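The values are calculated or read from the model by the stated rules, or taken from the named source; none is laboratory data. Given the structure is predicted, the values throughout are model-derived calculations rather than measurements. Methodologically, a virtual Cβ is constructed for each residue, glycine included, from the backbone with ideal geometry; neighbour enumeration extends over all protein chains shown.
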Amino acid sequence: MTNESLRHTLEEKQPLLEFRGVDTYYGSLHILKSVDYRVGEGEIVALLGANGAGKTTTMKTILGIVRPRSGQVLFEGKRIDGEQTGRIVEAGIAPVPEGRRVFPRLTVLDNLKMGAWTRKDGQVKQDMDRVYDLFPRLAERKNQQAGTLSGGEQQMLAIGRALMARPRLMIMDEPSMGLSPILTERVFDTVVEINKQGTTIFMVEQNAYMALQVAVRGYVLQTGEVVLADTAPNLLASDMVRKAYLGET
Amino acid sequence: MTLDVLISGVVLGSLYAIVALGYTMVYGIIELINFAHGDVFTLGAFISIPVIQAIISQNGSTPTLGQSIFAIGAAMVVAALCCAVVGVVIERVAYRRLRNAPRLAPLITAIGVSLIMENAMAQWQGGLPVFYPTALQPSSYTILGTTLTNTQILVILGALAMMLGLDMFVNRTTIGKAMRAVAQDREAASMMGINVNFIISLTFFVGSALAGAGAVLYGIDLGSLGYDSGFTLGLFAFTAAVLGGIGNIRGAMIGGLIIGILQEYVSGLGNGVGTEWYDTAIFSVLVLILVFRPSGILGTNTAEKV
Ligand SMILES: Nc1ncnc2c1ncn2[C@@H]1O[C@H](COP(=O)(O)OP(=O)(O)OP(=O)(O)O)[C@@H](O)[C@H]1O
Ligand SMILES: [Mg+2]
């Protein structure tokens, strides 16, 4: 498929998540500036950008923690900006937050239960088993306090906790932060695996190379503006990404 | 220390522990020292007075055990519910808007709420201590050479039941776990879809309910109280919470018992020491902990929460 036709099909199909001209502020600080994103059902989409570009703000805007001053955020075609976070999670979006943010003095098991907070169906147990299948290490440590896990294990827990919400869209904020190359690789393998099982993924990453290996498309955010939006191979080949994120001159 | 002193220390300490729980739960979840908590306690005692009077006639006749149990139970339930509602309203009206303000702001507001409540209660009940109605025909038992009154047994068992109940609620139920999750990382908890405002309200509800129910035990045990009784008791209970590790529920229970025993021990010393000195002893403990181990007995460095 050519890039043109890819873009064409994307525009035909209603995206799972869409930002339309979103502006956000912290007080008088203008952070996101008329931002547009489209994440299609079943895709892995990467969001790249330097420190302070507004990547985490994007995640918080999706979750309703930060409210856009103008523009719209749509999930399955319905506006979710202005909704309570609880409603947004219930609608099918689950976060793997920046810095993992597991509950340090709850056990691994209880952290997973917190991930399932909005669930009302009786299938939480199956999903717990699925998480333990994906991360056997968590099963071994299910009664251990999350704060005593290693960084890599905490990342697995953060991912597992998000899966417990049985999300249609998982938003991940720098899942490879602070992990060794081997663990980073494992996390990305897991992301691909989760995606194959049917979860759409919108992922913030500093590790542009790895992110664009697994993503179909990506966005580059620069001081709150989307400066590039393209397919992953095109981004990998672009001068801007090569210079800014892959350390090439 | 004699067994007598130990028993009366445990009785007093149980009351401190119940009140300390309210301070520590609220601190654990919103990092606020809720100065009004002691006054909510006083309110609970005052509210329970007519409940007991309605069930047990106060004309000197002896209540049956059944009447006593019913009266005490009803008084505890009514006081707990009223205090719980008052606690939730205080948070909603006085603290919520200031949740992201500098920490001094809600602290001052808390002191303001405390003063308002004390003055209102002084208007309502007068400035002098009022008698708490008799709910239980006094009796005592001799065990291991020491006497134990039925009110002492009531306080210890009542407090124990409340503490065990709270411990189970917080550690075993999903909503209790959500409460701890909010205390540990409010934003992450909200990302799970947990309604943080609801959980904070619930924390005030539970902490204030314990104070209300505990106030009935206090009234029955001490027999009288004034509009500022809860404030004084609250200071000791707060010390207990800090001693145990502010924010830590089990710490509050342990701290309460230690402070109660310390107070009774110092009060019982002869030779010029005695009841005039227990304040000094207790607040010295507060100063020493703050200087040498601010995290308290069970607290961690990162301020162990709920
Ligand atoms: N709560 C806040 N109040 C004020 N300014 C904020 C707040 N949170 C973030 N900012 C500012 O908004 C800008 C974007 O922050 P954001 O966290 O979205 O960046 P980021 O792209 O995630 O960066 P990083 O790669 O370092 O995580 C930064 O300049 C930051 O200082
Ligand atoms: Mg960030």
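Among the residues of segment A:94-113, the ones that are away from ligand 1 (no atom under 16 Å from the Cβ), buried (at least 22 other Cβ atoms within 10 Å of the Cβ) and more than 9 Å from chain B (Cβ to nearest Cβ) come to 2 in all. Within segment A:66-88, does at least one residue satisfy the condition of being at positive phi, in contact (Cβ under 8 Å) with a residue 40 or more places away in the chain, part of a loop (DSSP other than H, G, I, E, B) and within 16 Å of ligand 1 (Cβ to nearest atom)? Within segment A:66-88 (the criterion being at positive phi, in contact (Cβ under 8 Å) with a residue 40 or more places away in the chain, part of a loop (DSSP other than H, G, I, E, B) and within 16 Å of ligand 1 (Cβ to nearest atom)), the answer is no, since none of the residues qualifies.
Conditions (1) more than 14 Å from chain B (Cβ to nearest Cβ); (2) in contact with a Ser or Thr (Cβ under 8 Å, 6 or more places away or on another chain), marked per residue:
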residue	(1), (2)
A:153	yes, no
A:157	no, no
A:162	no, no
A:172	no, no
A:177	yes, no
A:187	yes, yes
A:190	yes, no
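Hey, does segment A:193-207 have a residue that's touching a Pro at 6+ places or on another chain (Cβ under 9 Å), more than 16 Å from ligand 1 (Cβ to nearest atom) and assigned by TED's automatic domain parsing to the domain that holds residue A:69? Yes, some residue in segment A:193-207 is touching a Pro at 6+ places or on another chain (Cβ under 9 Å), more than 16 Å from ligand 1 (Cβ to nearest atom) and assigned by TED's automatic domain parsing to the domain that holds residue A:69. Any residue at all in segment A:232-239 that is part of a loop (DSSP other than H, G, I, E, B), in contact with a helix residue (DSSP H, G or I) (Cβ under 7 Å, 6 or more places away or on another chain), small (Gly, Ala, Ser) and assigned by TED's automatic domain parsing to the domain that holds residue A:34? No: segment A:232-239 contains no residue that is part of a loop (DSSP other than H, G, I, E, B), in contact with a helix residue (DSSP H, G or I) (Cβ under 7 Å, 6 or more places away or on another chain), small (Gly, Ala, Ser) and assigned by TED's automatic domain parsing to the domain that holds residue A:34. Step by step: first the residues of segment A:27-57, then only those that are within 16 Å of ligand 1 (Cβ to nearest atom) and over 17 Å from residue A:173 (Cβ atoms), then the one that is farthest from the other protein chains (Cβ to nearest Cβ). Which residue is that? Among those that are within 16 Å of ligand 1 (Cβ to nearest atom) and over 17 Å from residue A:173 (Cβ atoms), it is A:34. Scanning segment A:70-90 for residues that are in contact with a strand residue (DSSP E or B) (Cβ under 9 Å, 6 or more places away or on another chain) and at the interface with another protein chain (Cβ under 10 Å from one of its Cβ atoms) yields A:88, A:89.
Counting only helices (runs of 4 or more DSSP H) that fall entirely inside segment B:29-141 and contain at least 3 residues that are in contact (Cβ under 8 Å) with a residue 60 or more places away in the chain and in contact with an Asp or Glu (Cβ under 7 Å, 6 or more places away or on another chain), the qualifying elements are B:104-125. Could you check, for segment B:173-194, whether at least one of its residues is within 14 Å of chain A (Cβ to nearest Cβ), at positive phi and of a type outside the set (Lys, Arg)? Yes, segment B:173-194 has at least one match.
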